[in-house]
């Protein structure tokens, strides 16, 4: 009952607070930062179709690596990444965006085959509508559809063919300081795979490096780690403009990855095929649960250049001992800092629009 009263009170306060003007309703050519309906920070002219296009360079490291005695094995992580995020408005209401990243771990990697190997992400293409605003509460509902093209090494190993993700975001702007955007979003991702588990390039069986020479050894290429056929995540976020050019943000997500079923197998024993049932410990285990929490700050040092820093914690909900992890700070907590270039604002300065 107490939780319900708090929720009702929060909704009443949110409705009573004065709402700020929506980004899509702007008609000025000001480069002041504002939050779009899908949560993207936009600084370019409201009349430019390329507003919201970013090029970001970031560094990130894990906090557990700062203390050599924190765990039995010292395993620091430090990486740099480059992200390209173009965005184009097809009209005042519809937009299309994309995102692609390159990452290089500068410490010794746990999973790449070469030292300081550069890895790349999948290519994500998203189509969105700025949505509909409910007149009384002034809450805006924004749907988007994202297509994931599996061009990364991780997707290749998991035999992923395609991913489709639909999301819905509820948001409202408030006249707090220079502007406050509060939202709640949910996303469902549907994944399609060739195999229910990741697959290695080779079986590891001597003399069976080529599939045609030893078909029976193909099962040894199976890593036994189940792929997720779907992901569901939801949570709140906010962006607060403290003063012109300086913003604070916070995000939290809870999610679940839904796994393929553990399949029973069969083996041939002395010419007789016998069933090999899956482990009893794996039956009924249908998903992996995770949380994400992040705090950050951003400062626009120039109209086209932004410095950012933040702390984030993406982690499984349970630890190896079965105890629930703190979603705010644990062994997966990372600290990041970076610089982002607003491509639209930068290009307009180089090539002024008539």
Residue pairs meeting the criteria (Cβ under 8 Å; at least 6 apart or on separate chains; first on the phi > 0 side of the Ramachandran plot, in region 145-171; second buried (at least 19 other Cβ atoms within 10 Å of the Cβ) and part of a helix (DSSP H, G or I)): none
Filtering region 49-76 down to residues that are assigned to a loop (DSSP other than H, G, I, E, B) and surrounded by fewer than 18 Cβ atoms within 10 Å (Cβ to Cβ) yields 49, 50, 67, 68, 69, 70, 71, 72, 73, 74, 75, 76
Looking only at region 88-97, decide whether some residue is touching a helix residue (DSSP H, G or I) at 6+ places or on another chain (Cβ under 7 Å) and not in a strand (DSSP E or B). yes
Could you please find all residues in region 89-122 being surrounded by fewer than 16 Cβ atoms within 10 Å (Cβ to Cβ), on the phi < 0 side of the Ramachandran plot and touching a strand residue (DSSP E or B) at 6+ places or on another chain (Cβ under 7 Å)? 90, 93, 94, 96, 102, 104, 106, 107, 112, 118, 120
Do the conditions hold for residue 303, that is, is it touching a helix residue (DSSP H, G or I) at 6+ places or on another chain (Cβ under 7 Å) and either farther than 21 Å from residue 40 by Cα or modelled with pLDDT under 95 (or both)? yes
Looking at the structure I just gave you, is residue 119 in contact with a helix residue (DSSP H, G or I) (Cβ under 8 Å, 6 or more places away or on another chain) and either under 16 Å from residue 87 (Cα atoms) or assigned to a strand (DSSP E or B) (or both)? yes
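The values are calculated or read from the model by the stated rules, or taken from the named source; none is laboratory data. All figures in this text were calculated on a predicted structure; none of them were measured in a lab. When we count neighbours, we look across all protein chains shown, and the Cβ atoms used for this are built from the backbone with ideal geometry, even at glycine.
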